[in-house]
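All of the numbers you see were taken from the coordinates with simple rules; none came from a lab. Every value quoted in this text rests on a predicted model; they were computed, and no experiment measured them. A quick note on method: Cβ atoms are made from the backbone with ideal geometry, for glycine too, and the neighbour counts reach across all protein chains shown.
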Amino acid sequence: MSDGTEKGEAIAGSAVEGGYRWVAEWERHEATWISWPHNLNTWPGRFTNIPLVTERMVRILAEVEHVHVLGGTPEATSQAQQSLSDVDNVTIHDVSTNDTWIRDFGPTFLLNKDGTKLGATRWRFNAWGNKYPHEKDAAASEKICNLLNPAGKLRTEGDSPIESFASSLIAEGGGIETDGQGTLMTTSSVLLSSTRNFHWTRELVESELRRMLDVRKVLWVDGGALAGDDTDSHIDQLVRFIRPGLVLAAVSCSSNDTNADKLELQRQNLVGMTDAQGRPLDVIPLMTPPPRLIQGRRVPESYCNFYIANEIVLMPTFGYRETDDAAAGILQDLMPERRVVCLDASDFIFGLGAFHCATQQQPAVIRP
């Protein structure tokens, strides 16, 4: 078991100057990173099932790639070790966290231009505009980077850590999406929110995204929203790239849903957009399940929160057979080279996130 306590230094300058680029989620992974759940306040009154769902998620992913697990607390680390003791392809790390949403507080992993070296961009993290305690999550990104060497493996004695580039932008991984060919999608309500980047203009944000990710075009996909979402409209709940030029966009399954008009406005805004290569986006609707309340609170259920891993797509289901099956069918048709694996997220979503929020991909390095 590794510790992540050694201090690492970010490289001065930008990822672009270092020769790195952000790659698409569907490119080959070396590993997936997750953070073991332990915060009872995230799932008040419904926490019991959350470690069991997380265990199932890890077991599914460990069949196709390595899984790194941040323990979070000593007690949660012990629980993760016991739950996963019989699972190969898993490493558990003594890294402290506040919560499980590693997509947002973890590093955005990069590859150099020839794919032979791993790097990362580390964003500033303030828990979606200082909504929750986050001091441990904010420190975890640096610790993760310090655990790895440029070959994408765990560091051993004498290894140098990966090059990581510290950005001054407050951002979360769930708020940005790429096609791996220079296009980035995001929302103004996240990156330009007054509780994140108050003094930043759109032009400054775009410049920083280019410097830190080597993207050439930023698409501001505004208009969409999900009731109950505490992220201020993360793109990974709303619109996802499936491959260059093709996106899935959340739409409501019912005109009576309070989300319906906003999601339709988002879909209309996407139509006519072009990517960094000048291609018009092909926009495929992906229906959300019917509105649902847990303990009187609307939960932000969306099938867009799937995770693309090696050989599989991990898709959340929410207990509505018609929309669950329809979403799985669309994903399978659009990604026939992968197997769609459905996992019940009807309790998990009470924490206001699903499986994309709870994972972070580490791309595979090309080795001679």
With labels modelled as points extended 7 Å from the Cα through the Cβ direction, what inter-label distance (nm, one decimal) is found for LEU293 paired with GLU135?
3.7 nm
Electrostatic dipole magnitude of the chain [Cβ: Lys, Arg +1; Asp, Glu -1; Cα centre; debye, to 20]:
480 debye
Under a 10 Å cutoff between Cα atoms, tell me which one of ILE330, ILE50, ILE34 has the largest fluctuation in the Gaussian network model of the chain.
ILE330
Classified through the alpha carbon gyration tensor (a ≥ b ≥ c as square roots of its eigenvalues; rounded if a/c is under 1.5, else prolate when a/b is larger than b/c, else oblate), the range 228-277 comes out prolate
Need one number: nm distance between label points at THR48 and GLN268, each 7 Å from Cα along Cα→Cβ, rounded to one decimal.
4.7 nm
If you take the charge dipole of the chain about its Cα centre, with +1 on Lys and Arg Cβ and -1 on Asp and Glu Cβ, which of SER160, MET212, ALA345 is farthest toward its positive end?
MET212
Can you return the aspartates and glutamates within cross-link range of LYS131? Criterion is Cα-Cα under 15 Å, with same-chain partners fewer than 8 residues away left out.
ASP99, ASP104, GLU172, ASP229, ASP230, ASP232
Report, in deg cm²/dmol and to the nearest 500, the calculated mean residue ellipticity at 222 nm for the chain, where each DSSP H run with n ≥ 4 adds -39500 (n - 2.57) and the sum is divided by the residue count.
-6500 deg cm²/dmol
Between PHE198 and ASP344, what FRET efficiency follows from the Cβ-Cβ distance if R0 is 56 Å, with the result rounded to 0.05?
0.90
Mark the label point 7 Å from the Cα of ARG279 along Cα→Cβ and return the residues of the range 150-191 whose backbone N is within less than 15 Å of it.
178-185
Just report the Cα centroid separation between the range 42-114 and the range 198-215, whole Å.
30 Å
Please work out the Cα center distance from the range 118-166 to the range 307-353, rounded to the nearest Å.
28 Å
With a ≥ b ≥ c taken as the square roots of the eigenvalues of the C-alpha gyration tensor of the range 42-199, please select rounded if a/c is under 1.5 and otherwise prolate if a/b is larger than b/c or oblate if it is not?
oblate
Give the lysines reachable from LYS153 as a straight Cα distance under 22 Å; neighbours fewer than 8 places away on the same chain don't count.
LYS7, LYS113, LYS117, LYS143
Hey, what did the range 287-368 get for relative contact order, percent, Cα under 8 Å, at least 6 apart?
32 percent
The range 2-363 - percent relative contact order, Cα under 8 Å, separation 6 or more:
20 percent
Please list 206-217, 93-104 highest first by mean number of surrounding beta-carbon atoms within 10 Å per residue.
93-104, 206-217
Rounded if a/c is under 1.5, else prolate if a/b is larger than b/c, else oblate: which is the range 158-261, with a ≥ b ≥ c the root eigenvalues of its Cα gyration tensor?
prolate
Among LEU191, LEU248, LEU281, which one shows the biggest mean-square fluctuation in a GNM of the chain, springs joining Cα atoms closer than 10 Å?
LEU281
